[in-house]
Amino acid sequence: MSNAPQCPSSVGHEPASPGLATTGRAYWSSLDELAQTNEFKEFAQREFPAFASEMLASDRRTFLKLMGASVALAGAAATVPGCRRPDHRILAYSKDPEHVIPGRPLYIASAMPLPGGGCEGVLVETHTGRPTKIEGNPLHFINRGTTSVRAQASILDLYDPDRVPGILDVQNITCVTRKSDSVGEDGLPERIASGWDEFDAYINNAFHRFDAADSNGAGLFFLVGKASSPTRDAMRSRILARWPQAEWLPYEPVDDESGRDGSEIAFGAPHARRYDLDKAKIIVALGADFLGDDGGVAETRGFAAGRKVNEESTRPQLSMNRLYAIESNLTLTGAAADHRLRAKPSEVERLALRLCAETLRRVSAGSAMADTAARQGEGELFNGDAHRNELAEEWIVEAAKDLVANPRAGVIVGGPGLSAPTRALIDATNEALGAGGVTVYYTEMTGDERESSLRSITRLAGAIQARQVAALVVLGANPVYDAPADLNFAGLFQSVPVTIACNDSQNETSVHALWSCNRAHYLEAWGDVRAADGSHTIIQPMTEPLFGGRSDIEFLARLAGSDVTDGYELVKATWTSGPLTFSANADKAWKRMLHDGVLGPRTAPATPRVNAGKVAQELGAWTPAATADLEFVFKPCAKVSDGRGANNGWLQELPDSITKITWDNPALISPATAKALGVKDLQKGLKAHSGQNVTVTIAGRSVVLPVWLSPGIADGTIVLTLGYGRTHCGRIGDGVGFDVYPLRATDSMRSASGTLTPGSGSVEIACVQDHWSLEGRTYYREADLDLFSERRSETQTVHDAYGRTKHLNFAERLGEETHTPTNETIYQEDQRHHYDKGPQWGMAIDMNACTGCAACTIACQAENNIPVVGKSQVLNGREMHWIRVDRYYADRPFTGAEHGGASDAQTGMGDVDVAIQPVNCMQCENAPCETVCPVNATSHGPHGTNDMVYNRCIGTRYCANNCPYKVRRFNFFDFATKRLNGDYIGKSVLGGVVKEGHLIPPRLREHIEHGAGAIQIMQYNPDVTVRSRGVMEKCTYCIQRVNWARTEAKLDGVWGDQPGEPVMPDGYVKTACQQACPSQAIAFGDILDPNSAVSKAKRSARNYSMLDYLNVLPRTTYGIRLRNPNPAITRPEVMDPFQHHGGAHEDAGHNQNNSAEHHDEGHVMSLPVFGNHPEPRATIAAALQHGIDTMITSAGGLA
Amino acid sequence: MAIFPKWTNSIPAFAFLSAAFGVVAVVSGFWVYATPKFWEAGYQPEQPISYSHQLHAQQLGIDCRYCHTNVEKSRIANVPSTNTCMNCHTIVDAQRGYLKKATAVEGESVHFKSAALQALRSYAASGDPAPWKRIHKLPDYVQFNHAAHLQAGVSCFSCHGRIDQMAIVYQQNPLSMKWCLDCHRSPAHNLIDKTQGRVTDLAWVQEQLNQDGYATSSGSLLAEKLSDSSRGAPPTHCSACHY
């Protein structure tokens, strides 16, 4: 109901606006909700959108494709009732491998190399040699046991059937293909299946000519994806030793060019920066999304650690870090910021210069560099809006003051969108602040990292044009798709006589290459990698290459003609006989390194001195880009990266952290700019959930794509997301989204100016921001740190709705708990389960630490066999994620009435704050879902979990209707197809009717058996049931882990069997989301154990239950977010959070509409259907007066 | 004049009785024949190798855990690898002491040349796994943990019966949900004092459990100890097995 009350005491009110929730602020999930459009109301009112229950007709083919690929068949359970199941075989090992115990996972330490260098240290869960899940390696310095979204999703890439071209034939895998002379239907040359032997023979023959003394490799070019691998560096040396004239060109489409060049200016050699944010009190992000695209798990963890408030402290003022951000797009960093300035890319640069100048001046007056910077940063911003300029000036000054006031505890993080001189200036400023060696570390780049990607690709294009390239080897790169548009690389590539592509999967480059080879996934090959902090990890294979691929080092070793081409031997040679040899007892050290998965940095990080003169000189000689009316930002997708993750269904279906868009990349534009440019919005006839097509033109190159109104983006800025519109990546990613690489040129790798013309038509966008809407009820709470410090120990004693005395803490006082009218509960105390025996599982989610990265969602998907449903199904509201990350906007009328004469408030046109809240099943003690299930398929366990019994569920969906948190998910289709092809009774009869006795339709069967399914089931977690059509599912608190831990604790002898003792040590069991969370925002454990982390979190003054007034007693509770604004910076007026109805609070005020009849019984949210309530009729009568819903009427009949 | 002959008067009664009988037959037939007890218990497929538990476990006295090595560590009681079989069948002979009771094969290597073991030898030679047919199979939505049951003191006997007496293994118990719950609700009938270390000695276990009043004496003591403060009591809630 769109007119549902925000608060139980405001029954009968039409909400003036959406979600006048707590903290005196209005939160809204979308512009539609803000405007309360009819489409939104209709959407929110339905549990699922119209037609969601009907069989999908239009797009059956796509659906089948998806089903085959990301979802597949379960083990065949007996489906014909009563029949003897088909014969199952038990295939035991012939020789037992060491350490493998069937039924127990084996964790192996390895590392996932990151594009461009660096890695994440991981533990891979394997079941009898089958990798199923990625966890962070607790010993690894980068991960510390947590993982990013991409690491979690990388397991699915291993099982991607499109890694090899054509139909997957398990007996005869085509791992190498060769281009033929004939052209296929799609206009591309047809490819001939080949093999490594043929390829090797070809290379021996064809590359022999480069050995000649007059050649020495001239004309041989290598375009390689950047990697920080000592062994691969050794292979490069071998290649260059054999062919000294050959050129080795490391290339990444999205690379931090300015960071590399800037550090070269500052330090004389390229250096990588690494931030230790947990030591920083003041963090300034200048166009840097260090919590998202420009950072990793280490930055997120450090930042979140600095957000933790020590509530035990007796000091009057609590402390935590403060984040300032200046950015064009609204990123996760901007969402986490205490102060955020949005500006066009060119303006971000100017503001960055000014901020550095201001800071440098305050550190040492009369700095020449500061003067140069200030001069370069001069000029009017924001289209000459005086008020905004004034506020920005104040912002800059106060941020600089804050930095200087916190010596050795502040840091400025520069983003890749800035120019090199500015990045160097930031390094100089950080040095002046004493940040070097404390909050920022520098490591000199080695190997591939030293090279500029832009120079590599430009050099290659130039060489091809000059006909210097005789043979080109492309290793782990896709230049045909992602090279800068002005190089016209696709055409150039085809003009090279010999092209060899070796990639993880087929791509746009490999379909044009003379030879296309399959590269081994990191989970199936030996390798090594250096992390950002200088530590090393050996990459271990979990399985033989599934598709017969070769790893980088094996591929290169063969090309170089080495005697040793085995991956293991190559890697081991690096570590036991190469330059990195362990000093003593190499063999033991090697084993230790394999076991631990990490070897600490070999050299201590240096703190190089900034060459101030050089920085000032470069700064003075450079001209900042002029501000244009319309500026475009190119950014990699937070999910599919530069496009390499495009065939990963999990990533495609993961809602973007800010826009909440799945399966698409519309151009993002601020509502105000959209209005100015004449882009249609919902008020002007745009179809709901769609984006109007626009033509974007940059330097004469045009692309047509839809546009999406996204609040919080800088005005005059359009954000274009790279990585979509792939044409040859596989069945999942082909044709998803729009390719914006054709707009990106060598002079505009990060930003550009251009024009946008609204066009005709629109594209449906599967955006989940309005799904699972709580329709404005109070969900999110936040407060300022100062207020919290001052009043955190206050409590308020109230008699709650159900007649109990409660002492409300700070967070609870922010919500409706203070004034919920009396009510009855259907859960009579004596009938309730008493959860007095441990363990009692509970969860606490700290929204102060959560950055919204969504690693939890993917970790959950991997752990719990959650299917991918596809774009059309997401549009129908059928996405299956068990833990969603809700994102709300809240207006921040920064410019107020002065701006344009009208207030920005409540329009989404101005500045917005972002609120992020992960929501999973709350495991309510009084679970509303359980009371309505007709078949007891969902019921309560003795340890406080709300259990879901799939085999009992008949699919009425009553539970989902009755769930106030909307966390239940329904299998509308048989995402897990069953197969019945063994021996069973009646096979002879059935076989006569159905071909081969199969019970699944032939077309689908063909797809599953010969297409993808067979391989993808290998990813499934064997401890979790694969659900079938018509079954409800939801978060289980990872009950499989909990149950296994119960057994394990007993086997380990750590089971506490004395009364009062916790049954297992705190942290003995972790849920998948908790384990993955880089910011460690999730605590899970026994709430009866007073010393457990979750109990401590729940005792915090920041802890509250969502929708507490419903008396469902959720086990998952939240810690409110604290903001830490600088009091010196002018802020919009924030209402007193304790007066959260927007004025003095009196009960009568809530009941204007029915004040005459209102006897303050409150509105009945639940019915006394059993038990001996004194006056049920009176209650029902009161309820009828309130006119709540028809359920009351039927209950009246009962009474 | 009657259009219908008189005997037609009995048609309604006959029809009624037949219908009633039919309903009873269908219901009781379904009741009996569509239950796990009928369909599951007694399943005795032919195996690729004619392995006899009776010979190995009972006559030779090999402990269950010699082959099912992981039963105390894992939810799965593994089927042994071919190598485990070959431990004896290639190199060890009766006099070297692996076997408690020497039988007819005394003095020779264990059936090294036996024709009945042709299949085993060929699997060992080729490295292909023997395609054992699975007998005890729970549906995919049921999770069973061998280690947890042994830890609690439930013997192999309780679910698998006297498997040491089976020449060809068959399923003795229905393994239905009711059958599981019967024991979970009153475990005293099936708990064995595991400190004696004879949980896998099926004859001894059977003898113990069949003593008069076992469930009310030793069994109930064990059950009480297990469920002390309800921490280790056999769970009966849904998510104990279904997830």
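The values are calculated or read from the model by the stated rules, or taken from the named source; none is laboratory data. Worth saying up front: this structure is predicted, and the values here are computed from it rather than measured. When we count neighbours, we look across all protein chains shown, and the Cβ atoms used for this are built from the backbone with ideal geometry, even at glycine. Surface areas here come from the heavy atoms of the whole protein model, side chains and all, with no ligands, DNA or RNA. Shrake-Rupley method; radii C 1.70, N 1.55, O 1.52, S 1.80 Å.
Summary table
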| quantity | calculated |
| --- | --- |
| Value in Å of the Kirkwood radius, where chain B supplies the Cα pairs that are averaged | 21.6 Å |
| Peptide-level mean, for A:943-949, of C-beta atoms on other protein chains within 10 Å | 4 |
| Accessible-area composition of chain B, carbon plus sulfur, in percent [1.4 Å probe] | 60 percent |
| Net length gained if the chain between A:ALA213 and A:ARG952 were fully extended (0.36 nm per residue, minus Cα distance) | 258.4 nm |
| ³J(HN,Hα), Karplus 6.51/-1.76/1.60, whole Hz, each residue of segment A:565-570, x for Gly, Pro | 10, 7, x, 4, 5, 5 |
| Sequence-distant aspartates and glutamates (8 or more away, or on other chains) whose Cα lies within less than 12 Å of A:LYS308 | A:ASP278, A:ASP846 |
| Column: log10 I(q)/I(0), Debye, Cα scatterers of segment A:631-766, q = 0.16, 0.20, 0.21 Å⁻¹ | -0.77, -1.21, -1.33 |
| Rg over Rh [alpha-carbon atoms, Kirkwood Rh] for segment A:197-263 | 1.08 |
| At R0 = 56 Å, FRET efficiency that the Cβ-Cβ distance of B:ARG65 and A:HIS807 yields, to 0.05 | 0.50 |
| Distance from segment A:1034-1058 to segment B:28-50 (C-alpha centre basis), Å | 34 Å |
| Residue-averaged [θ]222 nm for chain B, counting only DSSP H segments that reach four residues, each worth -39500 (n - 2.57) | -9500 deg cm²/dmol |
| DSSP bridge orientation in segment A:631-766 - percent antiparallel, rounded to nearest 5 | 70 percent |
| Greater than 30 Å apart at Cα, pairs in A:LYS279/A:LYS588; A:LYS1098/B:LYS73; A:LYS226/A:LYS572 | A:LYS279/A:LYS588; A:LYS1098/B:LYS73 |
| Efficiency of FRET from Cβ geometry, A:ASN383 and A:THR757, R₀ 25 Å, rounded to 0.05 | 0.75 |
| Residue-averaged beta-carbon neighbours from other chains (10 angstrom radius) around B:68-74 | 3 |
| Mean Cβ neighbour count within 10 Å, used as a protection proxy, ranking B:11-24, B:194-207 highest first | B:194-207, B:11-24 |
| Span-rule helices in chain B, defined as complete DSSP H runs reaching 27 Å or more along the axis (Cα) with Kyte mean at least 1.6 | B:10-33 |
| Area hidden from solvent between A and B (accessible, protein heavy atoms only, 1.4 Å, total, Å²) | 4300 Å² |
| Residue (of B:ILE192, B:PRO174, B:TYR66) at the positive-pole extreme of chain B, dipole from beta-carbon charges | B:PRO174 |
| Averaged over B:144-156, number of beta-carbon atoms from partner chains that fall within 10 Å | 2 |
| Segment A:631-766 - charge dipole about Cα centre, Lys and Arg +1 at Cβ, Asp and Glu -1, debye rounded to 20 | 60 debye |
| Label-point separation, A:ILE1129 to A:VAL100 (7 Å along Cα→Cβ), nm | 5.6 nm |
| Lys/Arg +1, Asp/Glu -1 at C-beta; segment A:609-670 dipole; positive extreme among A:PHE632, A:ASN611, A:TRP663 | A:ASN611 |
| Accessible area of segment A:382-473 belonging to carbon and sulfur atoms, whole % at 1.4 Å probe | 49 percent |
| Charged-residue dipole, Cβ positions (Lys, Arg, Asp, Glu), segment A:341-464 about Cα centre, Debye nearest 20 | 180 debye |
| Surface/4 estimate of mean projected area, convex hull on alpha-carbon atoms of segment B:23-83, nm² | 6.6 nm² |
| Reciprocal mean inverse distance between Cα atoms of segment A:368-416 - Kirkwood radius, Å | 12.7 Å |
| Pairwise label distance in nanometres, A:ALA621 with A:GLU764, each label 7 Å out on the Cα-Cβ vector | 5.7 nm |
| Cβ crowding within 10 Å averaged over residues, with A:1098-1104, A:489-495, A:1032-1038 ranked highest first | A:1032-1038, A:1098-1104, A:489-495 |
| Per-pair calculated FRET efficiency, R0 = 60 Å: B:ALA20 and B:ASN87 via Cβ, rounded to 0.05 | 0.45 |
| Ordering of A:746-752, A:791-797 by burial proxy (mean other Cβ atoms within 10 Å per residue, highest first) | A:746-752, A:791-797 |
| Segment A:201-273-segment A:336-369 distance, computed between alpha-carbon centres (Å) | 37 Å |
